[in-house]
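Enquirer: Questions regarding the structure given below will be posed in turn.
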Amino acid sequence: MAQYFLAVPHDTAEEPTMASMDPAELEVAIAQVGRFNTALQEAGAFVHAGGLHPPSTAITVDATGSEPKHTAGPFTEAREYVGGFWIIEVADEAEALRWAEQASAAAQTRIEVRALQ
């Protein structure tokens with residue numbers, strides 16, 4: 001079995017959060033993703049999932065020099081960022097892609113699939 005990271009991309013111009021969503025749309029999204037999470041759990045593929053706060057809330061830590069440095073913001077400027085994720089454990093990439101298709105339909109967004117090393 002291999003583990004895969006299913007990433008949910010967001011546009012940096014928006015930096016959406018659950019608090020900023022229309023309550024009716026949020027309810028639908030939570031239900032759809034909840035059904036997807038249940039399917040993952042029932043299949044034994046669910047490892048972990050989570051949503052991330054926007055990059056503007058990030059702190060980058062660099063302890064490679066003589067003194068640790070904490071810098072407000074993400075480690076890189078990007079047009080898009082990871083807003084949420086799933087870690088799944090499945091037999092192979094083909095199965096990971098099938099789950100990503102379902103994740104994309106549930107979350108109504110693109111999903112990036114990458115194997116964990």
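Enquirer: Report the residue, chosen from Glu80, Glu95, Glu25, that carries the largest GNM mean-square fluctuation when the chain is represented by alpha-carbon nodes joined by springs under 10 Å.
Expert: Highest fluctuation among the options: Glu25.
Enquirer: On to the next question. So what J values fall out for segment 81-94 if you push phi through Karplus, 6.51 cos²θ - 1.76 cosθ + 1.60 with θ = phi - 60°, rounded to Hz, Gly and Pro as x?
Expert: 8, 7, x, x, 6, 10, 10, 10, 10, 9, 5, 6, 4, 4
Enquirer: Oh, and also: Out of [x] 8.6; [y] 10.0; [z] 7.3, which label holds the value of mean projected area of the Cα convex hull in nm² that was computed here?
Expert: Calculated mean projected area of the Cα convex hull in nm²: the matching label is [x].
Enquirer: Mind giving me the nanometre distance, one decimal, between the label points for Gln3 and Gln41, set 7 Å out from Cα along Cα→Cβ?
Expert: Here the answer is 1.9 nm between the modelled labels.
Enquirer: I've got another one for you. How much length is gained on full extension from His70 to Val28, taking 0.36 nm per residue of separation minus their Cα-Cα distance? Walk me through the intermediate numbers first.
Expert: Numbers: separation 42, 0.36 × 42 = 15.12 nm, distance 3.80 nm.
Fully extending the segment from His70 to Val28 adds 11.3 nm.
Enquirer: Identify the residues of segment 31-62 with backbone N under 13 Å of a label point that sits 7 angstrom from the Cα of Gln102 along the Cα-to-Cβ direction, or state none.
Expert: Label zone hits: 33-47.
Enquirer: Next question. How large is the helix-only mean residue ellipticity at 222 nm for the chain, computed as the sum of -39500 (n - 2.57) over DSSP H runs with n ≥ 4, divided by its residue count, in deg cm²/dmol to the nearest 500?
Expert: Numbers: 2 runs with 36 residues, N = 117.
When only DSSP H runs of four or more count, the value is -10500 deg cm²/dmol.
Bear in mind that the values in this text are calculations on the coordinates, not laboratory data. Quick caveat: nothing in here was measured; it's all calculated off a predicted structure. Cβ coordinates were reconstructed from backbone atoms using ideal geometry, including for glycine residues, and neighbour counts include every protein chain displayed.
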